[in-house]
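Reviewing the structure listed below.
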Amino acid sequence: MQQNLLDFDAHALAGYFTEMGEKPFRARQLMRWIYKEGESDFAAMTDIAAALRGKLAQSACIIAPEVLREELSDDGTRKWLLNVGTGNAVEAVYIPEENRGTLCISSQAGCALDCSFCSTGKQGFNRNLSVAEIIGQLWWANHQLGKDADGNWKISNVVMMGMGEPLLNFDNTVSALRLMLDDQAYGLSRRRVTVSTSGIVPAMDRLREECPVALAVSLHAPNDKLRDELVPINRKYPLKELLAACRRYLERAPRDFITFEYVMLEGVNDSVQQARELVNLVRDVPCKFNLIPFNPFPQTHYRRSRPEAIQNFRDVLMQAGIVTTTRKTRGDDIAAACGQLAGQVRDKTRRTLNRSVGVV
Ligand code: SAH
Ligand code: SF4
(Lines give C-alpha, C1' and ligand atoms only; values in the text may rest on other atoms or scores of the structure.)
(Ligands and ions follow the chains in the order given, each with its own letter.)
Protein backbone atom coordinates (compact mmCIF):
# COMPACT_ATOMS: atom_id res chain seq x y z
CA MET A 1 0.00 0.00 0.00
CA GLN A 2 1.16 3.48 -0.76
CA GLN A 3 2.11 5.71 2.15
CA ASN A 4 -0.04 8.84 2.42
CA LEU A 5 2.47 11.61 3.11
CA LEU A 6 -0.20 13.79 4.78
CA ASP A 7 0.10 11.36 7.70
CA PHE A 8 3.60 12.65 8.55
CA ASP A 9 4.62 15.74 10.49
CA ALA A 10 8.09 17.17 9.66
CA HIS A 11 9.90 14.80 11.99
CA ALA A 12 8.14 11.70 10.69
CA LEU A 13 8.64 12.75 7.06
CA ALA A 14 12.36 13.24 7.66
CA GLY A 15 12.45 9.72 9.17
CA TYR A 16 10.70 8.31 6.11
CA PHE A 17 13.24 9.96 3.81
CA THR A 18 16.15 8.66 5.87
CA GLU A 19 14.73 5.14 5.59
CA MET A 20 14.59 5.57 1.82
CA GLY A 21 18.27 6.59 1.87
CA GLU A 22 17.45 10.24 1.06
CA LYS A 23 18.75 13.38 2.75
CA PRO A 24 16.37 14.95 5.31
CA PHE A 25 16.50 18.35 3.54
CA ARG A 26 14.68 16.71 0.62
CA ALA A 27 11.80 16.11 3.02
CA ARG A 28 11.63 19.83 3.77
CA GLN A 29 11.61 20.57 0.04
CA LEU A 30 8.75 18.16 -0.42
CA MET A 31 6.80 19.67 2.47
CA ARG A 32 6.93 23.05 0.81
CA TRP A 33 5.39 21.57 -2.33
CA ILE A 34 2.66 19.78 -0.44
CA TYR A 35 1.64 22.54 1.96
CA LYS A 36 2.81 25.85 0.51
CA GLU A 37 1.92 25.02 -3.09
CA GLY A 38 -0.89 22.57 -2.39
CA GLU A 39 0.64 20.16 -4.92
CA SER A 40 -0.23 16.46 -4.86
CA ASP A 41 1.40 15.36 -8.12
CA PHE A 42 5.06 14.42 -7.66
CA ALA A 43 5.70 14.98 -11.38
CA ALA A 44 4.98 18.71 -10.92
CA MET A 45 7.62 19.11 -8.19
CA THR A 46 10.22 20.34 -10.62
CA ASP A 47 13.14 21.07 -8.28
CA ILE A 48 13.12 17.52 -6.91
CA ALA A 49 15.37 15.08 -8.80
CA ALA A 50 13.46 12.98 -11.33
CA ALA A 51 14.72 9.73 -9.81
CA LEU A 52 13.36 10.66 -6.38
CA ARG A 53 10.06 11.79 -7.90
CA GLY A 54 9.76 8.41 -9.58
CA LYS A 55 10.54 6.60 -6.33
CA LEU A 56 7.92 8.64 -4.48
CA ALA A 57 5.29 8.03 -7.14
CA GLN A 58 5.82 4.29 -6.62
CA SER A 59 5.69 4.20 -2.84
CA ALA A 60 3.76 7.25 -1.69
CA CYS A 61 0.73 9.43 -2.34
CA ILE A 62 -0.79 12.73 -1.13
CA ILE A 63 -4.49 12.20 -0.57
CA ALA A 64 -7.01 14.29 1.37
CA PRO A 65 -10.39 12.79 2.35
CA GLU A 66 -12.81 12.50 -0.56
CA VAL A 67 -15.49 15.20 -0.78
CA LEU A 68 -19.03 13.85 -0.81
CA ARG A 69 -20.80 17.16 -0.87
CA GLU A 70 -19.95 20.85 -0.97
CA GLU A 71 -22.31 23.62 -0.01
CA LEU A 72 -22.03 27.36 -0.27
CA SER A 73 -24.08 29.65 1.96
CA ASP A 74 -25.42 33.07 0.98
CA ASP A 75 -23.02 34.62 3.51
CA GLY A 76 -19.95 32.98 1.90
CA THR A 77 -19.68 30.16 4.46
CA ARG A 78 -18.70 26.90 2.79
CA LYS A 79 -19.17 23.41 4.07
CA TRP A 80 -17.50 20.23 2.85
CA LEU A 81 -18.79 16.82 3.79
CA LEU A 82 -15.83 14.46 3.72
CA ASN A 83 -15.82 10.70 3.40
CA VAL A 84 -13.77 8.97 6.10
CA GLY A 85 -14.83 5.47 5.09
CA THR A 86 -17.27 2.77 6.28
CA GLY A 87 -20.30 5.01 6.03
CA ASN A 88 -18.84 7.84 8.10
CA ALA A 89 -18.56 11.45 7.10
CA VAL A 90 -17.10 14.47 8.87
CA GLU A 91 -17.41 18.13 8.06
CA ALA A 92 -15.09 21.07 7.60
CA VAL A 93 -16.56 24.57 7.50
CA TYR A 94 -14.94 27.73 6.09
CA ILE A 95 -16.12 31.05 7.52
CA PRO A 96 -14.87 34.16 5.72
CA GLU A 97 -14.75 37.42 7.67
CA GLU A 98 -13.52 40.94 6.93
CA ASN A 99 -9.86 40.41 7.83
CA ARG A 100 -9.53 36.67 8.32
CA GLY A 101 -10.68 33.32 7.02
CA THR A 102 -11.39 30.62 9.59
CA LEU A 103 -11.59 26.89 8.96
CA CYS A 104 -13.43 24.75 11.49
CA ILE A 105 -12.20 21.14 11.34
CA SER A 106 -13.11 17.78 12.87
CA SER A 107 -10.91 15.43 14.89
CA GLN A 108 -13.06 12.29 15.24
CA ALA A 109 -15.88 10.54 13.41
CA GLY A 110 -18.56 10.89 16.09
CA CYS A 111 -17.73 11.52 19.74
CA ALA A 112 -17.85 9.33 22.85
CA LEU A 113 -18.67 12.09 25.31
CA ASP A 114 -22.37 12.46 24.67
CA CYS A 115 -22.98 16.07 25.71
CA SER A 116 -26.74 16.34 25.97
CA PHE A 117 -27.14 19.22 23.47
CA CYS A 118 -24.69 18.00 20.79
CA SER A 119 -25.70 16.28 17.59
CA THR A 120 -22.22 14.72 17.15
CA GLY A 121 -22.51 13.21 20.62
CA LYS A 122 -25.85 11.69 19.68
CA GLN A 123 -24.16 9.77 16.86
CA GLY A 124 -21.85 7.95 19.28
CA PHE A 125 -18.15 7.36 18.72
CA ASN A 126 -16.96 5.78 15.54
CA ARG A 127 -13.21 6.32 15.34
CA ASN A 128 -10.31 8.71 15.57
CA LEU A 129 -9.33 10.54 12.40
CA SER A 130 -5.79 9.94 11.12
CA VAL A 131 -3.30 12.81 10.79
CA ALA A 132 -3.96 12.77 7.03
CA GLU A 133 -7.69 13.08 7.61
CA ILE A 134 -7.24 16.00 10.02
CA ILE A 135 -4.62 18.01 8.10
CA GLY A 136 -6.28 16.87 4.86
CA GLN A 137 -9.29 19.05 5.73
CA LEU A 138 -7.04 22.12 5.70
CA TRP A 139 -5.12 20.92 2.64
CA TRP A 140 -8.35 20.38 0.73
CA ALA A 141 -9.95 23.66 1.79
CA ASN A 142 -6.82 25.63 0.85
CA HIS A 143 -6.76 23.85 -2.48
CA GLN A 144 -10.39 24.82 -3.13
CA LEU A 145 -10.21 28.40 -1.90
CA GLY A 146 -6.84 29.32 -3.38
CA LYS A 147 -4.63 32.24 -2.40
CA ASP A 148 -5.29 35.94 -1.87
CA ALA A 149 -3.71 38.82 -3.84
CA ASP A 150 -0.57 38.67 -1.61
CA GLY A 151 -0.02 35.01 -2.43
CA ASN A 152 -1.15 33.73 1.01
CA TRP A 153 -3.72 31.01 1.56
CA LYS A 154 -7.10 32.55 2.40
CA ILE A 155 -7.37 30.45 5.55
CA SER A 156 -5.61 32.44 8.29
CA ASN A 157 -7.12 30.72 11.36
CA VAL A 158 -7.97 27.14 12.22
CA VAL A 159 -10.32 26.09 15.00
CA MET A 160 -10.71 22.46 16.06
CA MET A 161 -14.39 22.87 16.84
CA GLY A 162 -15.92 20.45 14.40
CA MET A 163 -16.88 16.88 15.21
CA GLY A 164 -15.16 15.04 18.02
CA GLU A 165 -13.04 15.74 21.07
CA PRO A 166 -9.55 16.61 19.79
CA LEU A 167 -7.84 15.85 23.11
CA LEU A 168 -9.14 12.26 23.02
CA ASN A 169 -7.33 11.85 19.68
CA PHE A 170 -4.26 13.43 21.16
CA ASP A 171 -1.30 12.15 19.12
CA ASN A 172 -2.91 12.66 15.72
CA THR A 173 -4.22 16.07 16.75
CA VAL A 174 -0.76 17.19 17.89
CA SER A 175 0.91 15.96 14.68
CA ALA A 176 -1.68 17.89 12.66
CA LEU A 177 -1.20 20.99 14.84
CA ARG A 178 2.56 20.78 14.25
CA LEU A 179 1.97 20.85 10.50
CA MET A 180 -0.26 23.91 10.89
CA LEU A 181 2.49 25.69 12.84
CA ASP A 182 5.56 24.44 10.93
CA ASP A 183 7.22 27.11 8.78
CA GLN A 184 7.86 24.53 6.03
CA ALA A 185 4.15 23.69 6.00
CA TYR A 186 1.43 26.26 6.85
CA GLY A 187 3.41 28.48 9.25
CA LEU A 188 0.34 29.66 11.18
CA SER A 189 0.99 31.44 14.47
CA ARG A 190 0.02 29.57 17.65
CA ARG A 191 -2.45 32.32 18.39
CA ARG A 192 -4.36 31.59 15.21
CA VAL A 193 -4.81 27.90 15.88
CA THR A 194 -7.40 27.00 18.53
CA VAL A 195 -8.20 23.65 20.12
CA SER A 196 -11.64 23.39 21.69
CA THR A 197 -12.07 20.85 24.49
CA SER A 198 -14.87 19.73 26.74
CA GLY A 199 -12.27 19.61 29.51
CA ILE A 200 -10.04 16.51 29.40
CA VAL A 201 -7.81 17.70 32.24
CA PRO A 202 -4.72 15.45 31.87
CA ALA A 203 -4.67 16.04 28.10
CA MET A 204 -4.83 19.82 28.64
CA ASP A 205 -1.63 19.49 30.67
CA ARG A 206 -0.02 17.42 27.92
CA LEU A 207 -1.02 19.93 25.26
CA ARG A 208 0.53 22.72 27.32
CA GLU A 209 3.82 20.77 27.38
CA GLU A 210 3.85 19.39 23.85
CA CYS A 211 2.17 21.94 21.61
CA PRO A 212 0.56 24.95 23.30
CA VAL A 213 -1.92 26.69 21.01
CA ALA A 214 -4.90 28.92 21.80
CA LEU A 215 -7.40 27.03 23.98
CA ALA A 216 -11.19 27.16 24.08
CA VAL A 217 -12.96 25.28 26.87
CA SER A 218 -16.61 24.27 26.60
CA LEU A 219 -17.99 25.36 29.96
CA HIS A 220 -21.77 25.59 29.40
CA ALA A 221 -22.77 25.64 33.08
CA PRO A 222 -21.95 27.66 36.22
CA ASN A 223 -21.91 24.70 38.65
CA ASP A 224 -21.12 20.98 38.76
CA LYS A 225 -24.72 19.91 39.17
CA LEU A 226 -25.82 21.37 35.84
CA ARG A 227 -22.53 20.65 34.07
CA ASP A 228 -22.72 16.96 35.07
CA GLU A 229 -25.98 16.87 33.18
CA LEU A 230 -24.93 18.83 30.07
CA VAL A 231 -21.29 17.72 29.74
CA PRO A 232 -21.06 14.25 31.35
CA ILE A 233 -17.23 14.22 31.32
CA ASN A 234 -17.61 16.75 34.15
CA ARG A 235 -18.25 13.83 36.50
CA LYS A 236 -14.69 12.70 35.87
CA TYR A 237 -13.08 16.17 35.71
CA PRO A 238 -15.24 18.54 37.76
CA LEU A 239 -15.11 22.33 37.54
CA LYS A 240 -12.55 22.88 40.28
CA GLU A 241 -10.04 20.62 38.51
CA LEU A 242 -10.93 22.02 35.11
CA LEU A 243 -10.40 25.64 36.16
CA ALA A 244 -7.10 24.73 37.86
CA ALA A 245 -6.01 23.11 34.56
CA CYS A 246 -6.98 26.32 32.73
CA ARG A 247 -4.75 28.34 35.03
CA ARG A 248 -1.85 25.92 34.50
CA TYR A 249 -2.41 26.09 30.74
CA LEU A 250 -2.12 29.87 30.75
CA GLU A 251 1.44 29.62 32.09
CA ARG A 252 2.54 28.46 28.62
CA ALA A 253 -0.30 29.52 26.34
CA PRO A 254 0.28 31.78 23.32
CA ARG A 255 -2.63 33.96 24.47
CA ASP A 256 -3.10 35.32 27.96
CA PHE A 257 -6.71 34.21 28.29
CA ILE A 258 -8.82 31.09 27.91
CA THR A 259 -11.90 31.31 25.70
CA PHE A 260 -14.89 29.80 27.46
CA GLU A 261 -17.63 28.57 25.15
CA TYR A 262 -21.12 28.64 26.56
CA VAL A 263 -24.05 27.26 24.58
CA MET A 264 -27.24 29.23 25.28
CA LEU A 265 -30.11 26.84 26.10
CA GLU A 266 -33.45 28.41 26.85
CA GLY A 267 -34.53 27.97 30.47
CA VAL A 268 -31.59 25.65 31.21
CA ASN A 269 -28.42 27.72 31.66
CA ASP A 270 -29.33 31.22 30.47
CA SER A 271 -30.68 33.13 33.50
CA VAL A 272 -29.18 36.32 34.90
CA GLN A 273 -28.65 34.53 38.20
CA GLN A 274 -26.63 31.81 36.43
CA ALA A 275 -24.58 34.53 34.72
CA ARG A 276 -23.71 35.92 38.17
CA GLU A 277 -22.78 32.48 39.42
CA LEU A 278 -20.55 32.10 36.36
CA VAL A 279 -18.74 35.38 37.04
CA ASN A 280 -17.98 34.13 40.52
CA LEU A 281 -16.85 30.73 39.23
CA VAL A 282 -14.24 32.05 36.78
CA ARG A 283 -12.96 34.98 38.82
CA ASP A 284 -9.44 33.50 39.11
CA VAL A 285 -9.07 32.60 35.41
CA PRO A 286 -8.21 35.31 32.85
CA CYS A 287 -10.83 34.59 30.20
CA LYS A 288 -13.16 35.71 27.46
CA PHE A 289 -16.58 34.27 26.84
CA ASN A 290 -18.11 33.18 23.57
CA LEU A 291 -21.86 32.69 23.90
CA ILE A 292 -23.13 30.21 21.29
CA PRO A 293 -26.84 30.35 20.49
CA PHE A 294 -27.92 26.69 20.52
CA ASN A 295 -28.27 25.09 17.07
CA PRO A 296 -31.31 22.85 17.16
CA PHE A 297 -31.27 19.45 15.45
CA PRO A 298 -34.09 16.95 14.98
CA GLN A 299 -33.64 14.67 18.03
CA THR A 300 -33.30 17.44 20.62
CA HIS A 301 -35.67 18.81 23.24
CA TYR A 302 -33.57 21.95 23.87
CA ARG A 303 -34.42 25.35 22.44
CA ARG A 304 -32.21 28.30 21.55
CA SER A 305 -32.29 31.11 24.16
CA ARG A 306 -34.15 34.23 23.15
CA PRO A 307 -32.00 37.16 21.94
CA GLU A 308 -33.00 39.25 25.02
CA ALA A 309 -31.88 36.47 27.36
CA ILE A 310 -28.55 36.23 25.55
CA GLN A 311 -28.16 40.02 25.74
CA ASN A 312 -28.94 40.12 29.48
CA PHE A 313 -26.57 37.24 30.16
CA ARG A 314 -23.85 39.00 28.20
CA ASP A 315 -24.43 42.27 30.07
CA VAL A 316 -23.78 40.58 33.43
CA LEU A 317 -20.46 39.18 32.20
CA MET A 318 -19.44 42.45 30.56
CA GLN A 319 -20.28 44.46 33.68
CA ALA A 320 -17.96 42.13 35.60
CA GLY A 321 -15.21 43.08 33.14
CA ILE A 322 -15.26 39.87 31.08
CA VAL A 323 -15.03 40.41 27.32
CA THR A 324 -17.98 38.50 25.88
CA THR A 325 -18.95 37.89 22.28
CA THR A 326 -22.05 36.21 20.95
CA ARG A 327 -21.34 33.88 18.07
CA LYS A 328 -23.03 34.94 14.90
CA THR A 329 -25.04 32.10 13.49
CA ARG A 330 -23.30 31.74 10.16
CA GLY A 331 -24.29 29.48 7.32
CA ASP A 332 -27.69 28.72 8.87
CA ASP A 333 -29.08 27.98 5.43
CA ILE A 334 -26.62 25.12 4.93
CA ALA A 335 -26.59 23.82 8.54
CA ALA A 336 -22.93 24.77 8.79
CA ALA A 337 -22.79 25.93 12.38
CA CYS A 338 -20.33 24.00 14.52
CA GLY A 339 -22.05 21.46 16.74
CA GLN A 340 -24.63 20.73 14.09
CA LEU A 341 -22.34 18.85 11.80
CA ALA A 342 -22.73 15.75 9.67
CA GLY A 343 -25.43 14.20 11.87
CA GLN A 344 -28.41 15.13 9.82
CA VAL A 345 -26.86 13.87 6.62
CA ARG A 346 -25.09 10.89 8.14
CA ASP A 347 -27.88 8.41 7.71
CA LYS A 348 -28.38 9.44 4.14
CA THR A 349 -24.63 9.28 3.51
CA ARG A 350 -24.43 5.84 5.07
CA ARG A 351 -27.14 4.66 2.71
CA THR A 352 -25.47 6.24 -0.31
CA LEU A 353 -22.07 4.83 0.58
CA ASN A 354 -23.45 1.40 1.34
CA ARG A 355 -25.16 1.41 -2.01
CA SER A 356 -22.00 2.46 -3.78
CA VAL A 357 -20.02 -0.40 -2.20
CA GLY A 358 -22.86 -2.80 -2.80
CA VAL A 359 -23.94 -3.42 0.80
CA VAL A 360 -27.58 -2.63 0.23
N1 SAH B 1 -15.48 18.38 21.52
C2 SAH B 1 -14.98 19.70 21.59
C3 SAH B 1 -14.93 20.41 20.26
C4 SAH B 1 -16.07 20.20 19.30
S5 SAH B 1 -17.62 20.89 19.74
C6 SAH B 1 -15.79 20.51 22.60
O7 SAH B 1 -16.80 20.01 23.08
O8 SAH B 1 -15.34 21.59 22.93
C9 SAH B 1 -17.40 22.62 19.44
C10 SAH B 1 -18.32 23.50 20.24
O11 SAH B 1 -19.68 23.40 19.75
C12 SAH B 1 -18.37 23.15 21.71
O13 SAH B 1 -18.32 24.29 22.53
C14 SAH B 1 -19.71 22.47 21.81
O15 SAH B 1 -20.17 22.46 23.12
C16 SAH B 1 -20.55 23.28 20.86
N17 SAH B 1 -21.81 22.64 20.47
C18 SAH B 1 -22.09 21.34 20.40
N19 SAH B 1 -23.36 21.14 20.01
C20 SAH B 1 -23.91 22.35 19.84
C21 SAH B 1 -25.20 22.83 19.43
N22 SAH B 1 -26.17 21.98 19.10
N23 SAH B 1 -25.39 24.15 19.36
C24 SAH B 1 -24.39 25.02 19.65
N25 SAH B 1 -23.16 24.64 20.02
C26 SAH B 1 -22.93 23.32 20.14
FE1 SF4 C 1 -18.18 15.58 21.91
FE2 SF4 C 1 -17.77 18.24 21.97
FE3 SF4 C 1 -20.13 17.20 21.13
FE4 SF4 C 1 -19.46 17.05 23.72
S5 SF4 C 1 -19.83 18.95 22.52
S6 SF4 C 1 -20.34 15.39 22.47
S7 SF4 C 1 -17.27 16.74 23.59
S8 SF4 C 1 -18.15 16.96 20.14
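Of everything in region 78-101 that is of a type in the set (Val, Ile, Thr) and more than 13 Å from ligand 1 (Cβ to nearest atom), the residue that is least open to solvent (accessible area, probe 1.4 Å) is 84.
For region 214-224, the criterion of being within 21 Å of residue 8 (Cα to Cα) and in contact (Cβ under 8 Å) with a residue 24 or more places away in the chain is satisfied by no residue at all.
Residues that are touching a helix residue (DSSP H, G or I) at 6+ places or on another chain (Cβ under 7 Å) and closer than 30 Å to residue 12 by Cβ: does region 228-246 have at least one? The answer is yes; a qualifying residue exists.
Of the residues making up region 139-169, those that are part of a helix (DSSP H, G or I) and within 16 Å of ligand 1 (Cβ to nearest atom) are 166, 167, 168. Cβ-Cβ distances below 9 Å connect the following pairs, each with a first residue in region 293-306 that is closer than 8 Å to residue 265 by Cβ, a second residue that is polar (S, T, N, Q) and at pLDDT 95 or above, and a separation of six or more residues or different chains: 294/305; 302/116; 305/269. Taking first residues from region 264-284 that are within 24 Å of residue 247 (Cα to Cα) and partners that are of a type outside the set (A, V, I, L, M), the Cβ contacts under 6 Å between residues at least 6 apart in sequence or on separate chains come to 274/222; 275/313; 277/222; 278/222; 281/222. The residues of region 115-136 that are more than 7 Å from ligand 1 (Cβ to nearest atom), modelled with pLDDT of 95 or more and within 16 Å of residue 230 (Cβ to Cβ) amount to a single one, 116.
Taking the conditions (1) of a type in the set (D, E, K, R); (2) more than 16 Å from ligand 2 (Cβ to nearest atom); (3) open to solvent by less than 10 Å² (accessible area, probe 1.4 Å) in turn, residue 75 satisfies each one other than (3).
For region 170-202, name all the residues that are open to solvent by 20 Å² or more (accessible area, probe 1.4 Å), under 24 Å from residue 99 (Cβ atoms) and assigned to a helix (DSSP H, G or I). Of everything in region 170-202, those that are open to solvent by 20 Å² or more (accessible area, probe 1.4 Å), under 24 Å from residue 99 (Cβ atoms) and assigned to a helix (DSSP H, G or I) turn out to be 181, 190, 191, 192.
Is it the case that residue 154 is touching a Gly at 6+ places or on another chain (Cβ under 8 Å), of a type in the set (Lys, Arg) and surrounded by fewer than 22 Cβ atoms within 10 Å (Cβ to Cβ)?
For residue 154, the condition - touching a Gly at 6+ places or on another chain (Cβ under 8 Å), of a type in the set (Lys, Arg) and surrounded by fewer than 22 Cβ atoms within 10 Å (Cβ to Cβ) - is met.
Going through region 1-21 one residue at a time, which ones are open to solvent by less than 40 Å² (accessible area, probe 1.4 Å) and over 32 Å from the mean Cα position of the chain (by Cα)? None - no residue of region 1-21 is open to solvent by less than 40 Å² (accessible area, probe 1.4 Å) and over 32 Å from the mean Cα position of the chain (by Cα), so the list stays empty. Identification of strands (runs of 3 or more DSSP E) wholly contained in region 1-97 with 3 or more residues that are of a type in the set (Val, Ile, Thr) and touching a residue at least 60 places away in the same chain (Cβ under 8 Å) yields 89-97. Among the criteria (1) modelled with pLDDT under 95; (2) in contact with a Leu (Cβ under 9 Å, 6 or more places away or on another chain), the one residue 144 does not fulfil is (2). Figure legend. Inter-residue proximity from region 116-132: first residues buried (at least 17 other Cβ atoms within 10 Å of the Cβ), second residues aromatic (Phe, Trp, Tyr), beta-carbon distance below 6 Å, spacing 6+ or different chains. Indicated pairs: 117/302; 119/297. Against the list (1) open to solvent by 30 Å² or more (accessible area, probe 1.4 Å); (2) at pLDDT 95 or above, the condition residue 255 fails is (2). Every test in (1) away from ligand 1 (no atom under 11 Å from the Cβ); (2) open to solvent by less than 10 Å² (accessible area, probe 1.4 Å) is passed by residue 106 save one, and that test is (1). For region 206-216, check the following and say yes or no: at least one residue is at pLDDT 95 or above, within 16 Å of ligand 2 (Cβ to nearest atom), crowded, with 21+ Cβ neighbours inside 10 Å and under 20 Å from residue 104 (Cα atoms). Yes: one or more hits. Only a single criterion out of (1) among the β-branched types (Val, Ile, Thr); (2) touching a helix residue (DSSP H, G or I) at 6+ places or on another chain (Cβ under 6 Å); (3) within 11 Å of ligand 1 (Cβ to nearest atom) is not satisfied by residue 193, namely (3).
Looking only at region 138-185, residues that are within 16 Å of ligand 2 (Cβ to nearest atom) and free of Cβ contacts under 8 Å to residues at least 12 places away in the same chain come to 0 in all.
The values are calculated or read from the model by the stated rules, or taken from the named source; none is laboratory data. Computed from a predicted structure; not experimentally measured. Note that each Cβ is placed from the backbone with ideal geometry, even for glycine, and that neighbours are counted across all protein chains shown. With ligands, DNA and RNA removed, areas are computed over all heavy atoms of the protein, side chains included. Shrake-Rupley method; radii C 1.70, N 1.55, O 1.52, S 1.80 Å.
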